[in-house]
Amino acid sequence: RFALLAVLSATAALFFLYKSRQRRRQLHSRLRGAVNRPLRPPERGKILFLSQTGTSKGLARRLHALLTAENLAFDLVDPKDYEPEDLCKEKLVLIVASTWEDGGPPRNGSFLMNWLTDSADDFRVGSLLLIDCNYAIFGVGSKSYGATYNAVASSMSLNLQKLGATELIKLWEADVDEDDVNEAFEQWSKNLVAVLKGSSMKNDLQLSLQGYAFEENESEGEEFSDDDDDDEGVNKLDVVDLEDIAGKAPTRRSVSEAAKANGKVNGEKREMLTPLVRANLEKQGYKIIGSHSGVKLCRWTKSQLRGRGGCYKHSFYGIESHRCMEATPSLACANKCVFCWRHHTNPVGKSWQWKMDEPLVIVNTAIDLHVKMINEMKGVPG
C-alpha cells in the first residue's frame, strides 16, 4: 500500500509539474502577442440630433457618413430613444441641435434637454458626473428669433460643462436664413475630424473660427445670481434675504419702507410673485398656481415612473414616488435650506404679507397641472 501510494503521489506530482509548465508557456505566448497586438479601437461615440423639420437630422447623417469614411466609429441616435442617464458612460458625444419656438428644443430632444437642465441645477448631482465625456455641438437656428437664436445649443453646452464634460471644439452656430449652414457645417466637421484624429490645425481653426464660430455671450459661464435684481422696476426691498435674517436683520425703518414699496400704504396687499420671480420659477420647471402656489414634477417622480427607484419617502414609509405630488401653497419661505428644491429663487419672508388665493382653487389646479405633467412623460424612454 505504501508503494502504491508513493507511485500515485509521484505520478500526481509529475502531472501538475507538466501542467504548470504548459500553462507558463501559454502565458508567455499571450504576453508576446499582446505586445505586438494593435491597440483596441476606442469605444463607439454617439451622434445625437435634435431636429423638428429635418435639417439637423440631415446634417447628423452627413456627419455620420463622414466619420465612418474616416474610420471613426459612431452611432447615430435619436434622443427620444436615448437614455440620458447613460451619458456618464459615454466618451464621445456629438450633437447637432436646432432651436424651436420660443427658444425651446424640438420635440424629440425635450426630455434630454430637461434632464441636462435639471441635473446641472441640482447640487446633489455634482460637477463630476460627466467628467469622462467629451462633446462637440453644432447649433442650427434663425436670427429672426432674436435673443433665442440657437438658445438650445448654447444651453446644452453650458449644462454639459457644469456637469464636468469637456468641449472638444467651441460651439458653432449657423443661421438657416443666411444659407451658410452647409458651408459652416462642412468646416466644423473637418475641424472635428482633425481633433478626433489628433491632428494639429491651429492656423486653420483660427481662420475658420473668424468666419463661423459664434461670438461668446459675455454672460456665458456665469451662474445665475438669485439675488441680483438689477432690472428696472424691481425694488430690492421686496424680499428679505438669508443674510438679513441671520446676521443683519432689517431695521424698523427699512421694514416700513419695504411695506410702503409693497403697496401696503393704502391697506392693499401685493401679490407674492413679481414678474421676475415668476419667470425664474417657471424657467426651473414650476407650474405657477395663482399668485403664491406652485407644483413641479419631482426628479424622483420621473425616476420611479421609469422603474429607477424612489426617494427616501419610498424607502422609509412606502410612499410611491410616482403617486406623490411635489407642490406648495406658499412659494415663499423663512429659510434658504441648502437641500431645498426651490433653488433659492423663491421669495423670503418671516410672516405672511401677501394676497391669498382660494384653497380649493390651489388644490384642484395643482392636481390638474400635476396630471398634465405626468401625461407628458408618455414619450420618455422607459
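The values are calculated or read from the model by the stated rules, or taken from the named source; none is laboratory data. From a predicted model like this one, the values you see are computed outputs, not experimental measurements. Here Cβ is always computed from backbone atoms with ideal geometry, including for glycine, and neighbour counts include all displayed protein chains. We work out accessible area using only protein heavy atoms, side chains counted, and drop any ligands, DNA or RNA first. Shrake-Rupley method; radii C 1.70, N 1.55, O 1.52, S 1.80 Å.
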Among the listed residues 362, 367, which satisfies the condition of being open to solvent by 70 Å² or more (accessible area, probe 1.4 Å), hydrophobic (A, V, I, L, M, F, W, C), assigned to a helix (DSSP H, G or I) and touching a residue at least 24 places away in the same chain (Cβ under 8 Å)?
367
Can you tell me which residue among 377, 325, 373 is within 27 Å of residue 113 (Cβ to Cβ) and in contact with a His (Cβ under 6 Å, 6 or more places away or on another chain)?
325
So how many residues does segment 61-92 have that are within 16 Å of residue 49 (Cβ to Cβ) and assigned to a loop (DSSP other than H, G, I, E, B)?
3
State yes or no: is residue 83 modelled with pLDDT under 90, over 27 Å from residue 198 (Cβ atoms) and open to solvent by less than 50 Å² (accessible area, probe 1.4 Å)?
yes
Any residue in segment 110-132 that is within 15 Å of residue 79 (Cα to Cα) sitting within a Cβ distance under 6 Å of a residue that is assigned to a loop (DSSP other than H, G, I, E, B)? List the pairs, counting only those 6 or more apart or interchain.
111/380; 113/105
